[in-house]
Amino acid sequence: MHRDLFRPYLAATVAVCLVAAIALPLLGHLDLANIAMLFPLAVLFSSIRLGRGPAVLAAILSVALFDFFFVPPRFTLVVSDLQYLLTFAVLLAVALTTAQLASHLRYERDAARSREHAAVALNALAQALSGALTVDSVGDALLRRMPATIGKTRALLVRSDTGAFEVAVSCLSADEAAALCAEATRFAAAAPAGAAMPAPEHGARRLPLWSGAALRGVIVIDGAPGVAQATLDTMGALIAIALERIHYVDVARTTEVDMATERLRNTLLAALSHDIRTPLTALVGLADTLALTEPGLSNEGVVTLEAIREEALRTSSLVNNLLEMARFKSGAVKLKREWQPLEEVVGAALAARQRLLDGRTIEVDIPQDLPLVNIDAVLMERALCNLIENAAKFSPRSGAIAISARRVDTGVAIEVSDQGPGLGAMRQQAAGAGEAPPGGESGLGLAIVRTIVAAHDGTVELGEARGGGANVLIVLPQAADATAQVPAA
């Protein structure tokens, strides 16, 4: 290493001595002023080929050798004529100026070459990354096709959807990679967009891969000697763009799959709706036809026909609930909010379930000064219909069904209660999970109620009525966003 350090200075010394040896035979044939013009050639050579330090040494040696070998008295550094001091000063100034200019030119040449090499290397890396469609292909490009003029990849960490970092490719040990992932996760949680990771005192550089305000990953690289930070930053931007492109390709692919799944779901729902409802409707029609055309049926036959009709209607209701829940889970149902008087919505729900309520006592308590509510009337009527159905199914015919509404601090509260056996643990669990309990579809109906009310930013509470039976409390806020969408249950 020491030899490499002193070799340029030795070469500069040899160059000056060679010029002096060439000029000695010319002494007596040329004036000293002309001979002095030969020495800047050695300085120029040293500046261009060897660098600034050797060029300065060549300038000083040129003055010393010119004085020693050519200026009388020769072979001594003593100057007999003071005018030669001016010659020495001019020669030294010219030599140093030449050295400075030539060294600067050499620096610019080297910088231009370095920029050219960096541009070629970045172009090669960009071409390798342009065809990458997966994170693994990006890692393979960094490991196999990273130009040596930039450095050597040690590891590539990619940020997952959860915010944690995962190792895509690595030449590190498992412990080092795990520690680096943890450090990158902490950095991403606290660092502003575009921030740089703290560099260790020794070891590879860590470059965060920012794409806008999003941190896509971290690359650990052993930078090549002399590689500019701007080159590394550009390389990081190329990798970040590739990772971002892959991310959005994955998002587009997932969206396409979801759309295809949704189309298939809708097709299946339409087919099921037709294939199941048609025979059920036929069963109801046949039961009604038999009851009308066969007036002489025995009591047992009449009971059987009524049971067939009721079971067909119940199954049809269950199918309707299943199809409706599937629509809600797909997120395809949007609210159409309007300001509505609550008594009209309750009245429509009672009218829609009039068949179930024949012979029952219905108690409705809605104050006249109750404010309008901003709701989707069709969906809210559907929710109330489900609650009325459950109340009718789980309470005796002699028991009353109460529907009331009142103002509360957060908005409007609606209560539906019955005098049945109350909500068991199974029904409460089914209502929360969106599953129907054995022997009925009340759990599914309650799940639909929860979904519709949640779309209105409201809440549903299940409990026991004061006199026994189930009590369902719906609280709707006073104001809501009219563009809300039914969420997936």
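The residues of the stretch 50-75 that are without any contact (Cβ under 8 Å) to a residue 40 or more places away in the chain and outside any loop (DSSP other than H, G, I, E, B), listed by number, are I60, V63, A64, D67, F68.
Within the stretch 56-73, is even one residue among the hydrophobic types (A, V, I, L, M, F, W, C), at pLDDT 80 or above and under 60 Å from the mean Cα position of the chain (by Cα)? Taking every residue of the stretch 56-73 in turn, at least one turns out to be among the hydrophobic types (A, V, I, L, M, F, W, C), at pLDDT 80 or above and under 60 Å from the mean Cα position of the chain (by Cα).
Only a single criterion out of (1) among the polar types (S, T, N, Q); (2) farther than 16 Å from L384 by Cβ; (3) assigned to a helix (DSSP H, G or I) is not satisfied by Q368, namely (3). Pairing residues of the stretch 109-129 that are on the phi < 0 side of the Ramachandran plot with residues that are of a type in the set (D, E, K, R), at Cβ distances under 6 Å and at least 6 apart in sequence or on separate chains, gives A128/R145.
Here's the yes/no breakdown for (1) surrounded by fewer than 18 Cβ atoms within 10 Å (Cβ to Cβ); (2) modelled with pLDDT of 80 or more; (3) in contact with a helix residue (DSSP H, G or I) (Cβ under 8 Å, 6 or more places away or on another chain); (4) assigned by the TED database to the domain that holds S317:
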{"position": "Q354", "(1), (2), (3), (4)": "yes, yes, no, no"}
{"position": "T361", "(1), (2), (3), (4)": "yes, yes, no, no"}
{"position": "Q368", "(1), (2), (3), (4)": "yes, yes, no, no"}
{"position": "P371", "(1), (2), (3), (4)": "yes, yes, no, no"}
{"position": "L379", "(1), (2), (3), (4)": "no, yes, yes, no"}
{"position": "I388", "(1), (2), (3), (4)": "no, yes, yes, no"}
{"position": "A402", "(1), (2), (3), (4)": "no, yes, no, no"}
{"position": "A413", "(1), (2), (3), (4)": "no, yes, no, no"}
{"position": "D418", "(1), (2), (3), (4)": "no, yes, yes, no"}
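Only residues that are surrounded by fewer than 20 Cβ atoms within 10 Å (Cβ to Cβ) and either over 15 Å from L232 (Cβ atoms) or among the hydroxyl-bearing types (S, T, Y) (or both) were counted in the stretch 136-157, giving 7. Determine, yes or no, whether A189 is in a helix (DSSP H, G or I) and either free of Cβ contacts under 8 Å to residues at least 12 places away in the same chain or not hydroxyl-bearing (S, T, Y) (or both). Criteria met by A189. Does V218 qualify as being under 22 Å from the mean Cα position of the chain (by Cα) and over 18 Å from M235 (Cβ atoms)? No; evaluated as a whole, the condition is false for this residue.
All of (1) modelled with pLDDT under 80; (2) over 40 Å from the mean Cα position of the chain (by Cα) hold for G432 with one exception: (2). Whether a residue is part of a loop (DSSP other than H, G, I, E, B), modelled with pLDDT under 90 and within 41 Å of the chain's Cα centre (by Cα) was assessed, and P437 passes this test.
Yes/no matrix, rows are residues, columns are (1) within 25 Å of D110 (Cα to Cα); (2) assigned to a helix (DSSP H, G or I):
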residue: I221; (1), (2): yes, no
residue: V227; (1), (2): yes, no
residue: L232; (1), (2): yes, yes
residue: A240; (1), (2): no, yes
residue: V251; (1), (2): no, yes
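Considering only residues that are of a type in the set (V, I, T) and over 16 Å from A191 (Cα atoms), look in the stretch 201-245 and name the one that is modelled with the lowest pLDDT. Per the criteria, the residue is V227. Taken over the stretch 23-46, the criterion of being closer than 13 Å to S62 by Cα and without any contact (Cβ under 8 Å) to a residue 12 or more places away in the chain is satisfied by M37 alone. Comparison of S317, S298, S273 shows that the only residue that is of a type in the set (S, T, Y) and touching a residue at least 60 places away in the same chain (Cβ under 8 Å) is S317. Against the test of being within 52 Å of the chain's Cα centre (by Cα), outside the structural domain of T451 (by the TED database), surrounded by fewer than 17 Cβ atoms within 10 Å (Cβ to Cβ) and closer than 30 Å to R145 by Cβ, the options A237, A270 yield a single qualifying residue, A237.
The values are calculated or read from the model by the stated rules, or taken from the named source; none is laboratory data. Since this is a predicted model, take the numbers as computed values, not measurements. Cβ: placed from backbone, ideal geometry, glycine included. Neighbour counts: every protein chain shown.
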